Amino acid sequence: MKEMKAIVLAAGRGTRMRSDVPKVLHEILGKPIISHILDSIREAGITDIIVVTGYGSGLLDEKLKDVEVAVQKKLLGSGDAVSAAKGLLKGYKGDILVMCGDTPLVRSRTIKDIISKHRGSKASATILTAVFKDPTGYGRILRGAEGNILKIVEEADAPLYEKVIDEINVGTYCFKAADLFERLSEIARNNRKKEYYLTDVIEILSRNRNRIESVKTDDPDEAIGVNTRMDLARAAESLKKRVLCEIMELGVTIEDPSTTIIYPGVEVGADTVIRPNTIIESDVRIGRNCSIGPFTRIRPHVTVGDNSEVGNFVELVRTEVGDDTKIKHHTYLGDTKVGNRVNIGAGTIVANFDGKNKNKTVIEDSAFIGIGARLIAPVKIGKGATVGAGCVVPKGHNVPKGATVVGVPARILRKK
């Protein structure tokens with residue numbers, strides 16, 4: 001997106017999390033809070049991003065890729081954090097999106113709406129707001145008689161008559177860069193926390209008759225700020241519901257959404273049924289007309305072809321499953337490539353880790369793996385081969401095409 005940069009404020013410690021880990025590194029459905037925010041910004045078309053770090057900046061640097069980093073040396077509030085990024089924006093005259101690093105549920109489409117409103121109205125600042133029945137803990141939006149925004153007051157500094165206002169500040173803004181940095185220098189540490197509030201810029205712009213616009217989200221959950229473990233759980237529950245709704249709208253049946261967890265970015269084909277107590281983690285693709293679960297865990301880097309079944313108490317990780325394949329009961333497959341029309345019997349285990357390395361197993365088309373079989377990777381089961389019940393196939397002892405093996409260790413009973 002031309003003439004648009006983003007600043008993410010991620011310097012805070014998050015003392016109410018009771019953790020030595022920076023708040024923005026706590027995970028929601030498999031990804032750190034900061035990653036959810038960066039993904040939304042990039043999906044909105046913004047590629048030039050500055051992340052302001054402070055507490056635990058060394059830990060954060062490991063997670064930040066393809067972004068610039070500015071360090072807030074002393075944690076003196078959101079206004080000071082934005083000032084820390086100023087040095088990376090010398091001469092820049094475009095627009096700046098500013099987001100708090102603890103609001104992981106703001107959607108990319110909402111960011112696009114803010115930018116569109118900001119540019120269409122030629123405002124100096126555009127604010128994302130929400131309406132809460134209980135706005136406790138959030139800054140309030142103060143408007144004039146004609147509905148114009150006068151200022152944002154933080155709850156710690158709000159008198160009682162302002163605390164009853166139900167329109168809150170989400171912590172996402174779009175500014176003209178020149179107006180933002182000009183007014184930042186006018187902020188004073190005149191609040192109870194003795195910090196520089198970014199929100200004070202809004203009041204200064206209002207006093208100087210600069211245009212201030214707002215976008216009100218129709219999803220109040222976008223405003224959830226993560227400050228405590230309870231907030232973290234709330235955000236995870238909201239994101240879980242969002243993901244499940246998106247998947248069901250694509251023609252997938254989820255029998256029991258209350259016990260099903262699917263991470264963002266998972267792809268599921270139409271007419272697939274997800275049964276209760278199923279967990280599907282990131283980087284997973286499931287084909288059409290499949291049956292998944294109950295009590296199934298599909299971990300990252302898994303693909304499942306069309307018309308396949310992954311049943312109860314099955315765990316898959318870094319595994320490729322073909323079409324028309326059945327893996328129905330009490331099975332673990334790791335680092336495995338399974339072909340088409342394969343039957344994996346109950347209790348089958350692929351031993352993929354030898355204590356040092358994760359090794360690969362290949363099960364070719366139309367193979368039949370009997371109940372309780374053990375495949376010690378690396379190993380290959382040929383096309384149309386049969387592994388007998390309870391059989392142990394040692395590493396490197398590949399089973400030929402069409403052969404039947406039985407015993408411990410496996411030995412060839414016959415070849416087709």
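What follows draws every value from the coordinates through simple rules; no lab data is involved. What you are looking at is a predicted structure, and each value in this text was computed from that prediction instead of being measured. Quick reminder, even Gly has a Cβ in these numbers, built from the backbone with ideal geometry, and neighbours come from all protein chains shown.
Okay, here's what the table says:
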quantity	calculated
Relative contact order computed over region 311-400 (Cα-Cα under 8 Å; 6+ residues apart), in percent	21 percent
Overall dimensions of the chain by Cα: Rg and Dmax, Å	27.0, 90
Cβ-defined net charge surrounding VAL393, 13 Å radius [Lys, Arg +1; Asp, Glu -1]	+4
Part-to-part distance (alpha-carbon centres) for region 342-416 and region 252-290, which is given in Å	28 Å
Three-way shape call for region 4-223 based on the alpha-carbon gyration tensor, with the a/c threshold at 1.5	rounded
Global geometry of region 262-323, whether rounded, prolate or oblate, following the gyration tensor of its Cα atoms and the 1.5 cut on a/c	rounded
Region 66-111 versus region 26-40: alpha-carbon centroid distance in Å	17 Å
Cut-off under 5 Å, modelled amide H: who pairs with LYS216 long-range	THR129
Computed over the chain: relative contact order in percent, which uses C-alpha pairs under 8 Å that are six or more apart	9 percent
MRE, 222 nm, helices only [DSSP H, n ≥ 4, -39500 (n - 2.57), over the chain, to nearest 500]	-5500 deg cm²/dmol
